[in-house]
Amino acid sequence: MPPTTALTVPRHGASDVLTTTTIDVPAPGPGQAQVEVAAAGVNFIDVYQRQGVYPIPVPFTLGLEGAGVVVAVGEGAEVAVGDRVAWAMQPGSAAGLANIAAAQLVPVPGGLALSVAAAAMLQGMTAHYLVNSTYTVQPGDVALVHAAAGGVGQLLVQLITAKGGHVIATAGSPEKLEIARRLGAETLINYRTEPDLAGAVRRATGGAGVHVAYDGVGKDTFDASLASLRPRGMLALFGGASGQVPPFDIQRLNAAGSAFLTRPSLAAYLQSRDELLWRAGEILAALADGSVELEIGGRWPLAEAATAYDALEARRTTGKLLLIP
Ligand code: NDP
């Protein structure tokens, strides 16, 4: 049982509960691989878990995604020592060593840095399912993307424009909007200073509204997202960075023009190994060939993880944050 350093949540609370501890990692069980973690991704869902919004019994090791090299293989696990692998939605990722189900591991293409693979898995597959499966973006579609300079947001802008879609991007500062513009967004709205967000979207679309609104901000943007849709448009509410949306009167979908509302989650879009390999494979390949770029907005050692989460929660970050065990 090799010891390793892990980022743990001993009790629910603010970032000051985060602790680095030495844990003993058992040998990988049947179907598992033990991975030396090169980098683990920081995600907003970690915040919900740490706060207890998503109730995970404490104590637990934080982190849901990462990439590294296989160092030991359990019985029946179809990977080999030395394989470069990445994963998402697997608990206990923010640690020097992690035992991960081999069926959840995807190969990292040669030439792609493990840190970039770690950075791309959760947010990349999220952007992938949102534009390919939740709402299938078609050439000419107009999409509203909130927090467009964030981790998921930057990837959404690129995947939508690659499909021939048009992006109306929101963000909280001119610098963040400039990132969205550089990645392909055509209309930029600072939602911290724009008093009528839905009105601005209407003006940008000649009154028509958008085909789809991708909203990971939640409480603060939900009403404007709904009011920005064209008839039969879709609101994909995929997160609540500003807080969760309160209970909702279904009649509002009628008033919004027979709108569709969905609250998707990545797990529901990874229903089989084929689906995992499809989504991760396309994202990692696009990063490897340079057709999609990913900004790593900061790297922190596990012991300084609180700094990373504080920055994320205070809206000071752009792109993807990493923890380096
Ligand atoms: P981001 O990098 O996008 O960071 C969050 C951003 O949200 C901030 O930078 C900020 O950008 C914006 N924001 C607006 N209001 C607030 C607020 N009150 N507090 C904090 N941030 C705010 O994070 P991620 O890319 O990791 O995640 C984005 C969203 O996607 C989250 O809601 C997350 O839960 C969700 N998500 C959902 C998944 C799913 O499958 N359903 C999977 C992965 C992520 P700005 O300053 O421009 O406003």
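Brief remarks follow.
- Just one residue in the set Val35, Val42 is touching a residue at least 40 places away in the same chain (Cβ under 8 Å), surrounded by 22 or more Cβ atoms within 10 Å (Cβ to Cβ), more than 15 Å from the ligand (Cβ to nearest atom) and of a type outside the set (Lys, Arg); that residue is Val35.
- When region 123-158 is limited to residues that are part of a strand (DSSP E or B) and within 12 Å of Ala213 (Cβ to Cβ), the one that is farthest from the ligand (Cβ to nearest atom) turns out to be Val142.
- Among the residues of region 209-226, not a single one is more than 22 Å from Glu186 (Cβ to Cβ), surrounded by fewer than 18 Cβ atoms within 10 Å (Cβ to Cβ) and either free of Cβ contacts under 8 Å to residues at least 12 places away in the same chain or in contact with a strand residue (DSSP E or B) (Cβ under 9 Å, 6 or more places away or on another chain) (or both).
- Residue within region 153-173 that is hydroxyl-bearing (Ser, Thr, Tyr) and over 23 Å from Arg315 (Cβ atoms) present: yes
- Residues located in region 262-285, provided they are of a type in the set (A, V, I, L, M), in a helix (DSSP H, G or I) and in contact (Cβ under 8 Å) with a residue 24 or more places away in the chain: Leu266, Ala267, Leu276, Leu277, Ala280, Ile283, Leu284, Ala285
- Meets criteria (in contact with a Lys or Arg (Cβ under 9 Å, 6 or more places away or on another chain) and either in a strand (DSSP E or B) or crowded, with 17+ Cβ neighbours inside 10 Å (or both)) for Val69: yes
- Residue check for Ser291: touching a residue at least 60 places away in the same chain (Cβ under 8 Å), more than 18 Å from the chain's Cα centre (by Cα), within 22 Å of Phe44 (Cβ to Cβ) and more than 10 Å from the ligand (Cβ to nearest atom): no
Yes/no per residue for (1) away from the ligand (no atom under 12 Å from the Cβ); (2) over 22 Å from Lys176 (Cα atoms):
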{"position": "Pro231", "(1), (2)": "yes, yes"}
{"position": "Ala241", "(1), (2)": "no, no"}
{"position": "Ala280", "(1), (2)": "yes, yes"}
{"position": "Leu287", "(1), (2)": "yes, no"}
{"position": "Asp310", "(1), (2)": "no, no"}
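- Residues of region 249-296 satisfying the condition of being over 27 Å from Leu321 (Cβ atoms) and either at pLDDT below 95 or surrounded by 18 or more Cβ atoms within 10 Å (Cβ to Cβ) (or both): Ala256, Ala259, Leu261
- Given (1) more than 20 Å from Tyr191 (Cβ to Cβ); (2) within 16 Å of the ligand (Cβ to nearest atom); (3) surrounded by 24 or more Cβ atoms within 10 Å (Cβ to Cβ), index of the condition Val108 fails: (2)
The values are calculated or read from the model by the stated rules, or taken from the named source; none is laboratory data. Since the model is a prediction, treat every value here as computed from it, not as a measurement. Glycine also receives a Cβ, built like all others from the backbone with ideal geometry; neighbour counts cover every protein chain displayed.
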